[in-house]
1. If you take just the helices (runs of 4 or more DSSP H) that sit entirely in region 209-271, which of them hold at least 2 residues that are surrounded by fewer than 20 Cβ atoms within 10 Å (Cβ to Cβ) and acidic (Asp, Glu)?
2. List the residue pairs whose Cβ atoms are under 6 Å apart, where the first residue sits in region 234-253 and is at positive phi, the second is assigned to a helix (DSSP H, G or I) and at pLDDT below 90, and the two are 6 or more positions apart or on different chains.
3. List the residue pairs whose Cβ atoms are under 8 Å apart, where the first residue sits in region 134-149 and is closer than 13 Å to residue 510 by Cβ, the second is in a helix (DSSP H, G or I) and of a type in the set (Lys, Arg), and the two are 6 or more positions apart or on different chains.
4. If residue 566 satisfies every condition in (1) in contact (Cβ under 8 Å) with a residue 40 or more places away in the chain; (2) within 29 Å of residue 472 (Cα to Cα); (3) aliphatic (A, V, I, L, M) but one, which is the exception?
5. Of all residues in region 339-369, how many are free of Cβ contacts under 8 Å to residues at least 24 places away in the same chain and either of a type in the set (A, V, I, L, M) or outside the structural domain of residue 407 (by the TED database) (or both)?
6. Here is a list: 286, 318, 301. Which entry is among the charged types (D, E, K, R) and within 21 Å of residue 339 (Cα to Cα)?
7. Considering only residues of region 560-572 that are touching an Asp or Glu at 6+ places or on another chain (Cβ under 9 Å) and modelled with pLDDT of 90 or more, which is farthest from residue 490 (Cα to Cα)?
8. If the requirement is being under 20 Å from residue 318 (Cβ atoms) and surrounded by fewer than 23 Cβ atoms within 10 Å (Cβ to Cβ), which of these qualifies: 523, 556, 480?
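The values are calculated or read from the model by the stated rules, or taken from the named source; none is laboratory data. Being a predicted model, the structure only gives us computed values, none of them experimental. All Cβ positions, even for glycine, are placed from backbone atoms using ideal geometry, and neighbour counts span all protein chains on display. In case anyone asks, the SASA skips ligands and DNA or RNA and just uses the protein heavy atoms, side chains included. Shrake-Rupley method; radii C 1.70, N 1.55, O 1.52, S 1.80 Å.
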Amino acid sequence: MCSLTEELSPEDDERTVSSASLCMSPGAESERGVAPLCSSTPFAMRLTNGYDVLDNRERRHVDSCDTINGNVNVHIVSESTNSMDVLSGGESDAGDTLSRRNNNSISSRTAYCGEAQRRRGDVTYFVAKELLMTERTYKRDLELVTVTWSRHVGRVACAGAEGAEASALARGCLALEPLALPAGALLARLDRALATAPHSRNDNEEPEYKKIADMLHDYLTNIYDAYEQYALGAGALVALVESARRRGGAGARAAAEFDATSPLPLAALLLRPLHRALHLRRLAHELSVGGCGGRARAALEVSTRMAALALQQLPHVENHSALCQVQRDITGYDKLLVAEREFIRLGCLYKHSTKGLQQRMLFLFSDLLLIASKCSVSQFRAHLALPLHSLQLLPSDLPHSFTLSGEDTCVVVTAGSAAEQAGWCDALAAAIERARERPTHVDTQLTPAHTDESSSGGGGGAGGALTFVCWHRAASLTRQHLNLAMRTQLSGYLLRKFKNSHGWQKLWVVFAAFTLFFYKSWQDETPLASLPLLGYAVCAPAPEDGIDKEFVFKLQFKNHVYFFRADSHFTYTSFEPIGGPSSGWLVLVLFRGSGPSLTTTHPDEGPPMGSKLVGAATGLIYVSV
């Protein structure tokens with residue numbers, strides 16, 4: 001959960017049309033016949049009901065027909081904090097509505113161009129757009145390390161820290177530079193390819209975006225050697241940063257300050273190139289099966305090798321990062337970082353006591369179960385450390401409950417639902433069985449609680465955000481869920497509407513770490529707000545919602561309801577992935593209880609991990625986890 005402290009970026013260029021894969025809307029003040037700057041969508045002149053081109057001056061006064069994929073009378077409104085917050089006003093569920101910013105003049109009387117509608121069957125075009133949108137966010141992620149984190153490291157050096165510490169912290173910045181420069185070049189090439197105005201191109205000339213397979217192959221072959229070197233050393237880079245954080249001092253404070261203002265934790269940003277390889281492999285696969293020829297197959301071959309390098313490193317590094325983050329989230333037990341220990345699951349349950357039900361946070365590892373409670377805005381205090389090899393899992397007569405019995409402990413725990421109970425019982429039973437097969441000594445002695453959160457970088461920053469969302473929403477996360485949260489990322493413009501509002505807002509949205517980050521435009525560095533999605537259900541709008549538009553999906557948690565609209569069926573739904581997270585806004589991977597769930601218009605339950613979810617009004621929806 002990012003801290004939103006900076007002011008909004010300068011006013012958007014009025015000639016800038018939506019350059020996202022998820023919203024194709026030339027601004028209401030676009031100059032006639034001029035291709036907009038930084039545009040991924042060919043410029044389309046606005047048409048009235050009589051199909052006459054209006055002059056800019058007339059557009060300011062004439063209430064012409066706004067069109068979105070053939071649907072008319074869709075108002076894109078400018079919302080201010082007086083009428084509609086970035087996150088709905090009046091909703092204050094803990095962990096839901098986060099920091100808000102003034103949201104004036106986000107979009108005004110915007111119309112979607114019809115180019116996407118004409119190309120709705122052109123997979124090449126939509127893959128090119130998705131690559132452009134996600135590449136913008138990927139480049140920003142790299143800059144967070146090579147520029148922003150580099151400044152923090154510079155301050156560490158100036159503060160008189162040991163030269164070895166500053167040098168170790170700077171290694172991540174230097175290692176990413178060979179990847180950041182080619183990423184910028186690819187982004188510029190994609191911008192040019194997708195910004196060409198259709199009326200300025202000969203109908204017999206192949207559009208630039210058709211060359212996306214060539215662009216992708218050239219890019220992958222250009223960075224392969226640098227990528228291989230980075231992938232092999234990524235684990236060491238993360239370990240260096242985590243080691244500096246554990247030692248405390250200037251390095252730990254710098255990392256804590258960085259995480260407090262970054263949408264993603266530093267460790268996840270250092271692993272971003274590895275995550276990106278999985279995404280590029282899926283896009284190359286889409287181009288290959290879409291009939292883009294030999295260059296697409298060559299790009300798929302290179303991206304597959306890169307993804308294999310990433311998958312060799314990710315399991316160990318992600319587990320180490322999870323252990324380090326949980327250690328920062330917990331006070332009162334400082335012995336989590338043990339060789340061969342694996343993180344399994346965390347979540348909020350309720351412990352029975354003589355005083356009644358007490359909310360507790362459970363952290364399950366391969367050899368240990370920690371039971372803690374929230375003690376501050378950024379940390380949990382450990383109450384019990386139970387070795388799994390001496391633990392017994394017993395049934396309970398109480399609803400959604402089970403009993404944990406050890407040498408000196410007997411704890412009755414209640415989950416919020418039957419699915420939550422089943423998930424915990426399955427995970428505990430499997431972990432206890434494995435721990436008994438390979439029993440090891442586990443130090444269960446609690447340590448004095450520390451109150452200096454600034455030096456340890458507690459969970460209040462980007463790294464520990466999901467842990468605290470679990471606490472507030474009584475949710476759980478498995479290791480697989482947590483890894484998927486860090487690997488998955490979507491970017492693009494979406495139209496957003498609240499349950500009781502009439503207009504739609506256009507926002508640049510980044511989906512990462514199971515959170516929607518809302519920006520005014522893709523150029524902005526600081527999000528207007530963020531919405532954690534753990535516990536939310538995702539579905540197509542119901543008839544009673546009164547939304548008769550294409551490509552709209554609904555997010556709901558209790559009485560919190562949001563509607564979002566994509567630009568096409570391709571970006572609304574997902575397609576068959578080959579490794580890595582699937583794409584599509586309707587298949588935001590949300591979790592309840594022990595596994596993923598997709599709420600649809602029918603009562604079918606979500607399938608188990610590793611399978612596909614099917615549903616929704618406009619076609620099949622797949623989630624591969």
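1. 212-247
2. Listed pairs, sorted by first residue: 248/455.
3. Filtered contacts from region 134-149: 138/272; 138/276; 141/272.
4. (2)
5. Within region 339-369, the subset free of Cβ contacts under 8 Å to residues at least 24 places away in the same chain is 339, 353-356, 358.
Next, only the ones that are either of a type in the set (A, V, I, L, M) or outside the structural domain of residue 407 (by the TED database) (or both) stay: 339.
So the answer is 1.
6. Checking each option against the conditions leaves just 318.
7. By that ranking, first place goes to 560.
8. Values: 523 fails: under 20 Å from residue 318 (Cβ atoms); 556 fails: under 20 Å from residue 318 (Cβ atoms).
Exactly one of 523, 556, 480 is under 20 Å from residue 318 (Cβ atoms) and surrounded by fewer than 23 Cβ atoms within 10 Å (Cβ to Cβ), namely 480.
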